[in-house]
1. What FRET efficiency comes out for A:Ser123 versus A:Arg376 if R0 is 22 angstrom and r is the Cβ-Cβ distance? Round to the nearest 0.05.
2. Specify which residue in the list B:Ala70, B:Ser23, B:Phe36 is farthest towards the positive end of the charge dipole of segment B:3-116, using unit charges on the beta carbon of Lys, Arg (+1) and Asp, Glu (-1), about the Cα centre.
3. So what's the Cα pair-distance distribution over the protein assembly as shown, bin width 10 Å, in %?
4. Can you find, among A:His234, A:Ser249, A:Ala280, the residue farthest towards the positive end of the dipole of segment A:192-330? Put +1 on the C-beta of Lys and Arg, -1 on that of Asp and Glu.
5. Can you list, bin by bin at 20 Å, the percent of alpha carbon pairs in segment A:93-392, starting at 0?
6. Out of all DSSP beta bridges in segment A:93-392, what portion is antiparallel? Express it as a percent rounded to 5.
7. Which residues' amide hydrogens lie under 5 Å from the amide hydrogen of A:Val198, considering only partners 5 or more residues apart or on another chain, with H built in the peptide plane?
8. Sort out for me the Cα centre separation of segment A:325-393 from segment A:242-278, rounded to whole Å.
Amino acid sequence: MFQSTSHAWWSEILQNIFAKSIGELIAARAAMLFRAVKSLFGRSPPQAPQALLELQRARSGSGWPREGKGIWVIDPISPPKIESNPHIPSAKILVVANAKGGVGKTTVTANLGARFAELAKASGRKPVLLIDLDFQGSLSSMCVAGGLGWLPSGDRDSNATHLISGDLAATDVANGIAMPATIVKNGSHPIQLSQLKVLTAYYDLAQAENRVMIEWLLGDRQYDVRFRLAELLHSNAVREAFSLIIIDSPPRLTTGAIQALAAGTHLLIPTILDEPSSEAVVTFIRQVERYREKGLCQGIKHVGVAATMVDPRGDYGVEETRLRDRLAAPTARGGAGGVAELLPASTYIHQSAAFRKTGGKGITYPLLGEGHIAARLKTSIRELADAVNREMS
Amino acid sequence: MKAKEFAKFLSAFAEMLGEAGASPQSEAWHAIARIFEARPSAQVSDVCEVLGTIKSPGATGGPTLQSAIALAPAAQRCIGLAKKSLGDDISRLAEALRPFGYLRAAAFADAAVAQLSPWSIETYVQELEAALHDSARFTEIFNRVDKELKLPAAKKVALAFAKGKAKSKGDALDLIWGRHASLLGTAARARATGGRTAA
């Protein structure tokens, strides 16, 4: 049954998942992969058709087929049982996410990381680990200044690819592969930032995310890919190595983003204060809550919504009010049901030339000077870190 | 005609009925006069329009509105000879009251006065806040803001309710309606998403 219709069948299924052209491309490869798996084992992997059937479009009242429930809520959802040492503090994993792009996720991740690293140094705590899960590598590039050493060499993939693929052992993450964050001051050599490390990502991650998902859909069910990162980051070795992990999530619900949500203990949603962005925040929260209901990210706690790129001279009363309305509105009326709140104005990250001027020199926060504008920016980053800390403590 | 002048006429008419010994009718017309005193600067036609939206009050004592309405055609014929516009207003009032004829005049007047009495800025804001998820009620209050408030008051309501600074009455109304509309948009988007996830 499968062989005779395989290409067309895969094409239809995958076109429902991806854009049309990508769906066609992947369909051919998926069909080949399936035939290869079948020839190896002599029979169909029993779970593959079932997983893919769950994605098929459903009948609807309109007469046109309707998209189904989505890839990431396919049953069974099996969170891993992690045997943890009670003497090691539980993991603190902050996911910085929003399905809308260009809202300042990476800037927030990097600057919060730098502030938390400063606090960790001052109080003798363990380092902070930043994880870049956006294949563009903006966080990686921002955190490792003064060279291109963070880029994977031609015959290797980036850390993030190995991370979501399940190639790494907990000890690799705890002890080896994370790079120290660096800044460049006054044109001198890179200076390492104390207590701040980063796991980098690059374009190979985009392929890895598709591959991991397809392998899983095809029946690689030895373990649930949605929880690969959770298993790793909640392991004793990683918990012992870092006081805090902050994940920069991509602006789509990719394999990496789903693994981040499943691993996260806390969620911070950066946003611009405008109408489309505030709509996107509420839609994103509703999606996260849907995942929570299904058991994918039951443990994640909302830290709140952080406003970014705020014009310090601007009047944002209207936008703040409308965002608060949407966040507070009952879910039955399309709102977020009050699960997350807009963080106070003192935490707003202002628009500032400092972000542009420090481009290529590293994370802005440790590079800020003494002027009035720098002081204001420093204060708001510290206030945001304090607000996050309060929620996480 | 202004409501204030009309109220004076209705009171005089009620006095006349009282002196003629038609006490129940006099009492009913006095009650109706109170309605127009509540919004003295409005036009009679505007007040009559609001009367159509009054929610039926509970029954209390006293004459019914019907006892007043029954005299309206005669009053209209008589007064209309001297001043046609006044006759027309009486006729308009009778039409507006006709559906409520079975109600007690005093209770109806109390409900109408409560609805017509000027609201403070805080009341407009509170009513708008309370109606945010009720489209019909919100529209009703929004229309009141539009009709009843001049620029300075509308600006104050916009600032308190929508946290926006308006330069004109149009701006103020846009801000007030915008807050409501944005929530309607959110609800519509959620319906379109239909519980599905973006992957």
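FYI, it's all coordinate maths here, none of it is from the lab. Remember, predicted model here, so these are calculated numbers, not experimental data. When we count neighbours, we look across all protein chains shown, and the Cβ atoms used for this are built from the backbone with ideal geometry, even at glycine.
1. 0.30
2. B:Ala70
3. Using 10 Å bins, I get a P(r) of 3, 14, 19, 17, 14, 10, 8, 7, 5, 2, 0 for the protein assembly as shown.
4. A:His234
5. For segment A:93-392, the binned pair fractions read 35, 58, 6 percent.
6. Of those bridges, close to 15 percent are antiparallel.
7. A:Leu130, A:Met179, A:Ala181
8. Each part's Cα centre sits 14 Å from the other's.
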